[in-house]
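Please treat every number below as a calculation from the coordinates, not as lab data. Here the structure is a predicted model, which is why all the values come from computation and not from measurement. For neighbour counting, all protein chains shown are included, and Cβ atoms are generated from backbone atoms with ideal geometry for every residue, glycine included.
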Amino acid sequence: MNIHTPDITAIPERDEAEAALDLLRRWAENATTTDIIELDPSVARLVPGSDGVEYPAFSRDYPEGFDVDEGYKDTLPDLQNGPSSLIRGAKTRIQHVGISNFRLPLRIESRDGAPLTLETSVTGTVSLEADKKGINMSRIMRSFYKHAEETFSFGVIEAALDDYKADLDSFDARIQMRFSMPVQVESLRSGLSGYQYYDIALELVEQAGVRKRIVHLDYVYSSTCPCSLELSEHARATRGQLATPHSQRSVARISVTLEDDADTLWFEDLIDACRRAVPTETQVMVKREDEQAFAELNAANPIFVEDAARLFSEQLLADVRIGDFRVVASHQESLHSHDAVSVLTEGDTFAGDSIDPRMFQTLFHVG
């Protein structure tokens with residue numbers, strides 16, 4: 001006897017589909033919400049007036065007592081660490097990927113041994129090879145928290161970099177830590193004192209197995225134009241005309257690499273070097289005698305922006321603890337509607353043909 005079974009692979013005719021749909025609707029009209037969801041939540045859309053049917057029926061209560069065990073963790077998806085087949089765009093190496101402006105209160109030691117707890121902004125990045133989808137960025141943060149209770153130094157930063165470089169299986173890595181450091185300074189003549197705040201950044205870079213320790217410092221000073229000073233004096237001497245030279249708030253960003261096995265270069269040491277180079281640092285506490293002294297100090301030290309770069313360079317070259325360096329100076333003119341700028345580099349670390357389009361804009365000192 002021959003038994004003919006229906007051809008289940010055949011495409012149904014329209015009248016067959018309409019009959020099936022009618023049957024499904026009649027079933028859904030008498031089914032419970034649970035029955036519909038267990039069959040297929042999309043069936044709810046076939047029932048007239050079914051807008052109130054939850055699709056699907058999720059719990060809206062936060063599970064306070066839910067316990068995440070290792071088995072459950074293993075089921076969680078991890079797209080960022082997925083296979084290379086998930087990479088979007090060109091499969092090329094990324095030099096830096098990570099986190100920026102991660103904030104921590106960190107203890108930093110001053111030259112006189114006093115510990116300072118400062119709010120610190122951390123940037124941590126690693127290289128990402130061409131065949132890797134991404135990195136677990138939270139591991140960078142966790143690496144820093146391991147060392148958050150220690151007094152920070154380059155040794156501690158290196159330990160943090162070692163941790164997250166190993167965790168993320170990366171070849172190159174970089175850490176930068178920015179903070180504002182208070183230093184008490186005395187006025188020029190009145191005997192008052194106040195706190196000057198210095199924007200400082202520590203940077204640890206590892207590339208191709210070579211590590212560099214870098215310190216960045218923003219030094220804010222007044223620059224009196226030598227040309228304007230001479231013209232003002234000429235007006236006084238030849239015509240008895242009162243005239244004042246123009247001067248302006250100016251900022252130099254000093255970036256230095258530290259030589260291996262050299263003595264400690266304290267932040268205060270770098271600040272002192274800047275003061276020796278350009279002594280017209282802006283003042284904190286000022287009475288009339290201090291203001292007069294500052295005018296005299298500026299008259300004794302008029303500088304163009306080129307002079308500033310070379311004076312800073314002279315001090316940095318004289319310090320055996322310092323290797324490569326860069327001086328970026330910006331005199332934010334009171335005469336012109338533009339600024340006068342200069343960039344001086346020593347060594348290969350900071351050399352480059354290109355300038356960041358917004359480099360000089362970042363040198364504005366915000367009071």
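Rounding to the nearest 20 debye, state how big the charge dipole of the chain is about its Cα centre with +1 on each Lys and Arg Cβ and -1 on each Asp and Glu Cβ.
1340
If I take R0 = 22 Å and measure r between the Cβ atoms of ASP61 and ASP40 in this structure, what FRET efficiency does the formula 1/(1 + (r/R0)^6) give, to the nearest 0.05?
Step by step, r from the Cβ atoms, then E = 0.30.
Could you please tell me the mean projected area of the C-alpha convex hull for the range 151-230, averaged over all directions and given in square nanometres to one decimal?
9.1
Using only the Cα atoms of the range 266-367, build the gyration tensor, take square roots of its eigenvalues as a ≥ b ≥ c, and label the shape rounded, prolate or oblate: rounded if a/c is under 1.5, else prolate if a/b is larger than b/c, else oblate.
Oblate is the answer for the range 266-367, as a/c is 1.5 or above yet b/c matches or exceeds a/b.
With runs of 4+ DSSP H residues as the only contributors, calculate the mean residue ellipticity of the chain at 222 nm using -39,500 (n - 2.57) per run, divided by the residue total and rounded to the nearest 500.
Dividing the helical sum by the residues of the chain leaves -8500 deg cm²/dmol.
With a cut-off of at most 16 other beta carbons within 10 Å, and DSSP calling the residue loop, which GluC sites (Glu not before Pro) in the range 267-337 qualify? Please list them.
Answer in residue order: no site qualifies.
Looking at SER334, THR280, TYR221, which one has the Cα that reaches farthest to the positive end of the dipole of the range 216-367 (charges on Cβ: Lys, Arg +1; Asp, Glu -1)?
So the residue furthest toward the plus end is SER334.
Placing +1 on the Cβ of each Lys and Arg and -1 on the Cβ of each Asp and Glu in the chain, which of ALA237, VAL122, SER100 has its Cα farthest towards the positive end of the resulting dipole?
ALA237
Shape call for the range 60-110 from the C-alpha gyration tensor, a ≥ b ≥ c root eigenvalues: rounded (a/c under 1.5), prolate (a/b greater than b/c) or oblate?
Here the range 60-110 falls in the oblate category.
Calculate the all-directions average of the projected area of the range 16-147's alpha-carbon convex hull, and give it in nm².
If you wrap the Cα atoms of the range 16-147 in a convex hull and average its projections, you get 16.5 nm².
For the chain, with the dipole built from +1 on Lys and Arg beta-carbon atoms and -1 on Asp and Glu ones, taken about the Cα centre, which of ALA20, SER187, ALA173 lies farthest toward the positive end?
SER187
So how compact is the range 281-340: Cα radius of gyration and Dmax in angstrom?
Looking at the range 281-340, its Cα Rg and Dmax stand at 14.8, 42 Å.
Please compute, over every Cα-Cα pair in the range 98-238, the percentage with a separation greater than 21 angstrom.
When all Cα pairs of the range 98-238 are counted, 55 percent exceed 21 Å.
For ARG239 and ASP269 in the same chain, what is the full-extension length gain: residue separation times 0.36 nm, less their Cα-Cα distance, in nm?
Full extension from ARG239 to ASP269 adds 6.2 nm.
Given the Cα atoms of the range 131-173, and with Rh set as the inverse mean 1/r over their pairs in the Kirkwood sense, what is Rg to Rh to two decimals?
My calculation of the ratio gives 1.01.
Please work out whether the range 266-306 counts as rounded, prolate or oblate from its C-alpha gyration tensor, where a ≥ b ≥ c are the square roots of the eigenvalues and a/c under 1.5 means rounded, while otherwise a/b larger than b/c means prolate and anything else oblate?
oblate
How large is the charge dipole for the range 141-293, taken about the Cα centre, if only the Cβ atoms of Lys, Arg (+1) and Asp, Glu (-1) carry charge, to the nearest 20 debye?
Roughly 900 debye, rounded to the nearest 20.
Please give, to one decimal in nm, the separation of the simple spin-label points placed at SER85 and SER180, each 7 Å out from Cα toward the Cβ.
5.2
On a C-alpha basis, how far is the centre of the range 201-233 from the centre of the range 104-174 in Å? Whole number, if you could?
Cα centroid to Cα centroid, the span is 25 Å.
Please compute the net charge surrounding GLU296, taking Lys and Arg as +1 and Asp and Glu as -1 over other residues with Cβ under 15 Å from its Cβ.
-2
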